[in-house]
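The values are calculated or read from the model by the stated rules, or taken from the named source; none is laboratory data. Quantities reported herein were computed from a predicted structural model and do not represent experimental measurements. Positions of Cβ are generated from backbone atoms using ideal geometry, with glycine treated the same way; all protein chains shown enter the neighbour counts.
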Amino acid sequence: MTTNRPTQSVRRGDELISADESVIHDSDDRLHNADLAPVPDTERKWGAFAIFNVWTNDVQSLAGYTLAASLFITAGISGWYVFAAIILAGVVVMFLVNLSGRPSVRYGIPYAVMARTSMGVLGARVPALIRGIVAMFWFGAQTYFASTAVALAINAVVPNGPTGEFLGMNLVDWVAYVVVAGFQVLLFIRGLEGMAKFLNFAGPAVYVVMILLLIAIWVQAGDELIQGVGTLFQGDKGGVSAVLAFFGVVGTMIAYFAAVVVNFGDFSRQTHSVKAMRRGNFYGLPISLTFFTFLALFITAGAYIVYQDGTGEPATNPAEIVGLADNTALTIVAAITFFLATVGINLVANFIPPAYDLANLMPSKITFRGGGLITAAAGFVIGALWVAAIGDMGLPKFVDTLGAILAPLYGILVCDYYILRKQRLHIRQAFTTSPRGIYHFRNGWNVRALVAGGIAAIFSMTTVWLPALEELTGFAWLFGAVLGGLFHWIAMRGRVLIDPVDEPATAQQV
């Protein structure tokens, strides 16, 4: 593989290394397989609608609804302010993924390969492993939430089931959990096209059921519903505390999307243009999220008025709300729909990205399918412990914790690509372990970038777990992303010299 193009250079210590492509070896089996290779233009079949459905399914899960409802109840500010904060979060996430998705549209590569340009061709295994572990936790959590919908349907058909419990779940719960886990694996084995067809069906179906549920509740609540939305979630915070709470909700919702924000290139690489990606992001995030949050706000308030009779706490799980309706047919239809929606987000956020990430650890031995199956196995164990252990921290704290871990990876990606490398990459050199490669750094590792990300993660994690910083918890993702990018810029400025020519690559070239 030779070329006469200008070379890109990288500084190692005090030595400036020139990456002459004439000495770069062909792609290394330790870095390359068919799943990690750039997607050719002729195989990019996704348009705006496919990207829209990625976000629609990401938004509509039971965990997403539960998180939104929990924020209405716990934020300490008016439900209308929480509603506005969630919409603002959708706009911010749209901006973030337009940035992280663009390089993968241009070069056709997944995040696991993109990370090599900043972390080193071998060092990229660290963020890939971190992302994979986070996905396993999310996969387990989402699988558990989906199983609650299936258990609801079973209990509606066969009431008075067994009462004995293991790890906080009875026999019906365990049957539902195993069914959901197995169904997800079967969908994954069908491949990306099969999953895309499933997502195209599941997204719209959930909205239909939620609208029907809202109508049923509104008819029973009557005029009390509008008034209830303004009073049930009215908090006691004011002044600076109210402002912090508002932006804390924004931060927590951004953290909810953190996994997909970092790995969005795994999806955008399948689209045929940046324009299609942006249009899909617009309709799938601020537009879809606004509609979903509106439904969640009114359903949560209406269910509290109709079914709680003014006492107790509002139900935050829509599966529980449907169960309170005491309508077997509605319960079964709604349970199946919520189950499909939650499976949808698991495929989007917690199966596809870690499948690429784990494949990146050992490309010659772990394929995309193998990575997904590893994620499913580990996630199954984690989800089985949700009721007995993990869920005790509460969903908002769980979300903020995982977001704080992932945030620095996003900051490093954006800083490295847009600021340090001026949007110019040499993709073939991301697939070689040659010491002359510009992404080789020291023995394949960019220790500076890894240290920068680690320090930023520690800072962002303290806002979640240090009681003295409790009011800043919702800002954990923002702190992590900004600090990750800043520390990376400090560590790498002056060490990366950019050539006037970049190198888009195809699967055949690498």
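Points to keep in mind about this one:
- Beta carbons closer than 8 Å, at least 6 apart along the sequence or on distinct chains, pair a first residue in segment 347-376 that is closer than 12 Å to N33 by Cα and touching a residue at least 60 places away in the same chain (Cβ under 8 Å) with a second that is part of a helix (DSSP H, G or I) and of a type in the set (D, E) for Y356/D266.
- Against the numbered list (1) touching a Phe, Trp or Tyr at 6+ places or on another chain (Cβ under 9 Å); (2) surrounded by fewer than 22 Cβ atoms within 10 Å (Cβ to Cβ); (3) at pLDDT 75 or above; (4) assigned to a helix (DSSP H, G or I), G391 comes up short only at (3).
- In segment 40-64, residue surrounded by the most Cβ atoms within 10 Å (Cβ to Cβ) [restricted to those that are in contact with a Ser or Thr (Cβ under 8 Å, 6 or more places away or on another chain) and aromatic (F, W, Y)]: W55
- In segment 479-501, the residues that are closer than 14 Å to Y417 by Cβ reach residues that are crowded, with 18+ Cβ neighbours inside 10 Å and at pLDDT below 85 with C-beta atoms within less than 7 angstrom, at least six apart or across chains, in these pairs: V496/V10; I498/Q8.
- Helices (runs of 4 or more DSSP H) completely within segment 65-174 that count 1 or more residues being under 25 Å from the mean Cα position of the chain (by Cα), more than 30 Å from G453 (Cβ to Cβ) and among the aromatic types (F, W, Y): 79-107
- Out of A19, A84, one residue alone is modelled with pLDDT of 85 or more and surrounded by fewer than 22 Cβ atoms within 10 Å (Cβ to Cβ). It is A84.
- Scanning segment 430-462 for residues that are in a helix (DSSP H, G or I) and buried (at least 24 other Cβ atoms within 10 Å of the Cβ) yields a total of 7.
- Check on P408, under 21 Å from the mean Cα position of the chain (by Cα) and in contact (Cβ under 8 Å) with a residue 60 or more places away in the chain: yes
- Assessment of segment 491-504 against the conditions (at pLDDT 85 or above and either of a type in the set (D, E, K, R) or under 26 Å from the mean Cα position of the chain (by Cα) (or both)) yields at least one matching residue.
- Selection of segment 44-55 for residues being farther than 21 Å from Y256 by Cα and touching a Gly at 6+ places or on another chain (Cβ under 9 Å) yields R44, W46, G47, A48, F49.
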